[in-house]
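One structure is given below, encoded as structure tokens.
The values are calculated or read from the model by the stated rules, or taken from the named source; none is laboratory data. Bear in mind that the values here come from a model prediction, so they are computed numbers and not experimental data. Virtual Cβ from ideal backbone geometry, glycine too; neighbours counted across all protein chains shown.
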Amino acid sequence: MSLADRQRLLELAPELCEAAVIPSRTLKEARASVEYTQAAVQTTLGGERLSPDTLFFDNVTLGQYIDLPDDRRAQLWDTWASPDLADSSDRIQATGG
């Protein structure tokens with residue numbers, strides 16, 4: 001499709017541009033996700049608490065993670081969810097690591 005065709009398509013269907021923009025989560029939405037996840041983990045663990053020294057993810061302990069401010073936690077999740085990290089996890093699994 002040519003550039004002119006794409007521009008014309010966006011003129012005819014501007015919602016395509018809007019659909020391509022993913023809104024970021026609000027702090028309230030992020031906290032709700034955390035609460036939901038905490039409840040699910042507690043259910044899975046049978047109500048037993050994890051130690052703050054338990055390795056959580058990427059060399060961060062659970063205690064270190066909990067002590068972080070919300071904005072730093074969000075940054076970590078963005079990093080952990082990046083395609084580069086997913087690719088590296090796939091490579092580690094593929095090599096038996």
Query - Residue that is nearest to L76 (Cα to Cα), among those in region 17-40 that are at pLDDT below 75 and in a helix (DSSP H, G or I) - result: A20
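Could you please give the count of residues in region 49-58 that are part of a loop (DSSP other than H, G, I, E, B) and at pLDDT 85 or above? I'd like the intermediate steps shown before the answer.
Step one: filter region 49-58 for residues part of a loop (DSSP other than H, G, I, E, B), giving 49-54, 58.
Remaining after also requiring at pLDDT 85 or above: 51-54.
The number of residues fulfilling the criteria is 4.
State whether the residues of region 40-48 include one that is of a type in the set (G, A, S) and touching a residue at least 12 places away in the same chain (Cβ under 8 Å). Spell out how you get there, then give the answer.
Taking region 40-48 as the starting set, the residues that turn out to be of a type in the set (G, A, S) are 40, 46-47.
Filter once more, keeping what is touching a residue at least 12 places away in the same chain (Cβ under 8 Å): none.
For region 40-48, residues of a type in the set (G, A, S) and touching a residue at least 12 places away in the same chain (Cβ under 8 Å): absent.
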